[in-house]
Amino acid sequence: MTSFWALLRSVNYALMIPPMGIKQHAVIWWTLLLLGLPTLAVPRPISYVGGHTLMAESGAMFQRMYWHYTPGRRYSLGFSMRHNRMHDETDAMARVAYLVNRRNTRNTQRNLYLKSGVALDNSDNHFISIAGDWESRRLFGSAAWTRVSDGHARYNDLSVQLGVAPYLGEYGDLHTWLMLKSKRDYRLDRRVTYPVVRLFKNSAFVEVGYHQDARLDIHLMYRF
């Protein structure tokens, strides 16, 4: 476990993009391609049926490793390890996500999710979240409301992310999104808004943002 946190700390200084090459089921890829949508514009909490997703995040307040498995098209089950930098604590959490609604059109997709998690050693450490996203090949928007109890405090959080693709890539290309992210930073007791660059290709995803007070905000993902 120590090596994992050391790895996340090192990513703050030298970004390492995961290796690529593991392909998802052809049916999923071709369905998304025919819809004309990017395949991984957002790290969704539910993958294709039978799929696994591995994520790592590092920010000013938390470092987290998260894995989830999708046994059915509407829900996923997962497990996360999180290090709280403010209190220098580490917890393990069981998580579940449920797809409430999905709407596909010729050029867009929207999703609405319910998510929840509870620490394995302390039921007072838990969260519940309502999250939604909408995207076309050019534009992206997402928002999430989360009620958190972390054993030290209880609070509500609202995060918003907006983005635009500067170019339209084809299937298998490197896709790029330029974004703005806004969330509450509880170390500073105020909201912070900062630029984010999102890159993805095939099953690999990386997102990097920076704010002078929030430090580097890094999110890595790989699906298999």
Protection proxy (average C-beta count within 10 Å per residue), highest first, orders 63-70, 137-144 as 63-70, 137-144
The range 98-224, convex hull of Cα, quarter of hull surface, nm² -> 9.2 nm²
Summed over the other residues with a beta carbon less than 13 angstrom from that of Val49, with K and R at +1 and D and E at -1, the charge totals +3
If each part is reduced to its alpha-carbon centroid, the range 193-224 and the range 143-172 end up apart, in Å, by 11 Å
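Return Trp145, Trp177 ranked ascending by Cβ neighbour count within 10 Å, so the fewest neighbours appear first. Please report the intermediate quantities before stating the final value.
Details: Trp145 13, Trp177 23.
Ascending number of Cβ neighbours within 10 Å: Trp145, Trp177.
Read the figures in this text as sums done on the coordinates, not as results from a lab. Keep in mind the model is a prediction, meaning the values are calculated, not measured. Quick reminder, even Gly has a Cβ in these numbers, built from the backbone with ideal geometry, and neighbours come from all protein chains shown.
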